Amino acid sequence: MAIEEENNNIIEVTDEDGSVIRCELYDIIEYEGKQYALLVEVDAEESEEEPELVLMRLIENGDSDEVFFETIDDDDEFEKVQAYIESLPDEDLEDEE
């Protein structure tokens, strides 16, 4: 997936089909020494559908202070992070913002 940061917390994610999905950065979670971003699809708020939650790995380039988001291709890693996030109380997610 290609990622393009637009402004503030809105990020454009291009999926495998070439469709652009606008997401808002909801939270950043640390798990086993890595950081993960929780993104909420913005365009779904305008429709009747439930907004989709997107989970991506956060990569920081220390040399240039740039931040990149990448898909988690390892199913085992994705499932572990997802289970960890689901085990957190809702207030923990809000406190980390």
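For this structure, a couple of remarks:
- Condition check for Phe69: modelled with pLDDT under 90 and surrounded by 12 or more Cβ atoms within 10 Å (Cβ to Cβ): yes
- Ser64 fulfils the conditions (1) open to solvent by less than 80 Å² (accessible area, probe 1.4 Å); (2) closer than 16 Å to Leu38 by Cβ; (3) assigned to a loop (DSSP other than H, G, I, E, B) except for a single criterion, (2).
Listed here are the residues, each with its yes/no results for (1) part of a strand (DSSP E or B); (2) among the basic types (Lys, Arg); (3) surrounded by fewer than 14 Cβ atoms within 10 Å (Cβ to Cβ).
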position	(1), (2), (3)
Leu25	yes, no, no
Glu30	yes, no, yes
Val40	yes, no, no
Glu50	no, no, yes
Asp73	no, no, yes
Glu77	no, no, no
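The values are calculated or read from the model by the stated rules, or taken from the named source; none is laboratory data. Since this is a predicted model, take the numbers as computed values, not measurements. Here Cβ is always computed from backbone atoms with ideal geometry, including for glycine, and neighbour counts include all displayed protein chains. Just so you know, the surface numbers come from the protein's heavy atoms only, side chains and all, with ligands and any DNA or RNA stripped out. Shrake-Rupley method; radii C 1.70, N 1.55, O 1.52, S 1.80 Å.
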